[in-house]
Amino acid sequence: MPEIILPEVELNIYTPKKPVEVKVLENRVVTRESSPNFVRHITFDVSGTELVNKVRVGQSVGVLPPGEDERGRPHKLRLYSVASPSAGEEGKPHLISTTVKRTIEEIDNKLYLGVASNYLADLQPGDKVKLTGPSGRRFLLPENKHDFNYIFFATGTGIAPFRGMIMELFEEDFKNDCLLVFGCPYRTDLLYSDYFEELDRDHSNFSYLTAISREARRKDGGKIYVQTKLIDEKERFDALLDKPNTLIYICGLKGMEEGIYRELYTQGYHDYLEFRKDLPEDLSEVDSKTFRRAVKPSERLFEEVY
Ligand code: A2P
């Protein structure tokens, strides 16, 4: 196992008290087919600011929505993962992009729209936005990124950092293996799938698997989730998980990590985890709370869940 050298990163060049104003360059839908969910790829032009060349994929930027909440306080900052490679969108270091899903909820017969996501999704090219950051210092590709193989597990907009990381790897002629597993409710919610399908076609060392949870079912009647792919595509995963230089990255819905940990544990891939307590071989009687207390990621597993 080569040493994992994480890059030094810049942090909080801009803060909520001293944000930076940048321009929206592009705001487009990223689902391929018409979907009841609205997910957008938004690119900011950060020319003339300290963010140029300073934001790494895996980091986030803060967005300060204008206006105040119902109590008259300024809206709080919301963090959005960077979806562009560290070299910038289209290789331009002054362009940083992110992936935004409109948050729409119905509570007690009333519709609630998430403040920051709907503000961002409404923006037009040329509009100005206040940003902070960058933030995050661990969920990164190693400096020596070409020494490893990667398994990326994403649900929903958790795909954002992996789009940028995968672009970064393959723009640099990545020779090791990379497997992306993306989970979403319906086929219409697949994000950036044209790009990933093309990469899968053109590169024998890249595989793209989808886990669509609300269409077909598994043989046992259960839902198809990113972690059930570890069972249903076992051979493909084994080929990677067995290698001493494979790293796992998890990003998306809070809770998804537990299913992945359980499957890794059950299959004997204990190297990706660390144990605070011993666990029985068969986890079926181990409840979620006990399991979560007993395990944490090892240095080979990176996660960002929210
Ligand atoms: P479902 O909601 O059908 O149970 P999105 O963010 O676009 O809604 O997608 C999130 C995806 O993650 C959905 O397919 C969702 O399935 C799935 N999901 C929900 N809970 C878990 C979990 N505990 N582990 C893995 N995937 C999950």
Residue within the stretch 118-136 that is within 20 Å of residue 158 (Cα to Cα), within 16 Å of the ligand (Cβ to nearest atom), in contact with a Phe, Trp or Tyr (Cβ under 8 Å, 6 or more places away or on another chain) and touching a residue at least 12 places away in the same chain (Cβ under 8 Å) present: yes
Condition check for residue 191: under 22 Å from the mean Cα position of the chain (by Cα) and more than 21 Å from residue 306 (Cβ to Cβ): no
Evaluation of residue 304 against (1) more than 15 Å from the chain's Cα centre (by Cα); (2) within 20 Å of residue 183 (Cβ to Cβ); (3) more than 13 Å from the ligand (Cβ to nearest atom) (one fails), failing number: (1)
Candidates 284, 288 - the one that is exposed (fewer than 13 other Cβ atoms within 10 Å of the Cβ) and within 15 Å of the ligand (Cβ to nearest atom): 288
Residue in the stretch 246-258 that is in contact (Cβ under 8 Å) with a residue 24 or more places away in the chain, away from the ligand (no atom under 16 Å from the Cβ) and either of a type in the set (A, V, I, L, M) or in contact with a helix residue (DSSP H, G or I) (Cβ under 6 Å, 6 or more places away or on another chain) (or both) present: yes
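If only one of 166, 159 is near the ligand (Cβ under 10 Å from one of its atoms), under 18 Å from residue 86 (Cα atoms) and part of a helix (DSSP H, G or I), which one is it? Give the derivation first.
Working: 166 fails: near the ligand (Cβ under 10 Å from one of its atoms).
None of the others qualify; the one that does is 159.
So which residues in the stretch 63-75 are surrounded by 13 or more Cβ atoms within 10 Å (Cβ to Cβ) and either among the hydrophobic types (A, V, I, L, M, F, W, C) or out of contact with any Gly (no Cβ under 7 Å at 6 or more places or on another chain) (or both), if there are any at all? Explain how you work it out, then say what you get.
Here is the first cut: in the stretch 63-75, the ones surrounded by 13 or more Cβ atoms within 10 Å (Cβ to Cβ) are 63-65, 75.
Residues satisfying the conditions are 63, 64, 65.
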Residue satisfying condition, being among the acidic types (Asp, Glu), crowded, with 17+ Cβ neighbours inside 10 Å and modelled with pLDDT of 95 or more, within set 8, 89, 3, 21: 89
Matching option when the condition is farther than 19 Å from residue 120 by Cα and within 16 Å of the ligand (Cβ to nearest atom), among 56, 71, 32, 40: 32
Cβ-Cβ under 6 Å pairs, at least 6 apart or on other chains, the stretch 85-104 side in a loop (DSSP other than H, G, I, E, B), far side of a type in the set (A, V, I, L, M): 85/57; 85/167; 86/57; 88/95; 93/52; 94/46; 94/52; 102/121
In the stretch 201-231, residue nearest to the ligand (Cβ to nearest atom) [restricted to those that are part of a helix (DSSP H, G or I) and surrounded by fewer than 17 Cβ atoms within 10 Å (Cβ to Cβ)]: 231
Every residue from the stretch 232-245 that is in contact (Cβ under 8 Å) with a residue 24 or more places away in the chain and within 16 Å of the ligand (Cβ to nearest atom): 233, 237
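Condition check ((1) aromatic (Phe, Trp, Tyr); (2) surrounded by 13 or more Cβ atoms within 10 Å (Cβ to Cβ)) across all residues:
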residue: 96; (1), (2): no, yes
residue: 99; (1), (2): no, yes
residue: 108; (1), (2): no, no
residue: 116; (1), (2): no, yes
residue: 119; (1), (2): yes, yes
residue: 126; (1), (2): no, no
residue: 131; (1), (2): no, yes
residue: 134; (1), (2): no, yes
residue: 144; (1), (2): no, yes
Criterion violated by residue 78 - all others in (1) under 25 Å from residue 137 (Cβ atoms); (2) surrounded by fewer than 16 Cβ atoms within 10 Å (Cβ to Cβ) satisfied: (2)
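In the stretch 169-200, how many are of a type in the set (Ser, Thr, Tyr) and either in a strand (DSSP E or B) or away from the ligand (no atom under 16 Å from the Cβ) (or both)? Walk me through how you get there before you give the answer.
Step one: of the stretch 169-200, the residues of a type in the set (Ser, Thr, Tyr) are 186, 188, 192-193, 195.
Checking the rest, the ones that are also either in a strand (DSSP E or B) or away from the ligand (no atom under 16 Å from the Cβ) (or both) come to 195.
So the answer is 1.
The values are calculated or read from the model by the stated rules, or taken from the named source; none is laboratory data. Everything numeric in this text was worked out from a predicted model, so none of it was measured. Don't worry about glycine lacking a Cβ; one is built from the backbone with ideal geometry, like all the others, and counts go over all protein chains shown.
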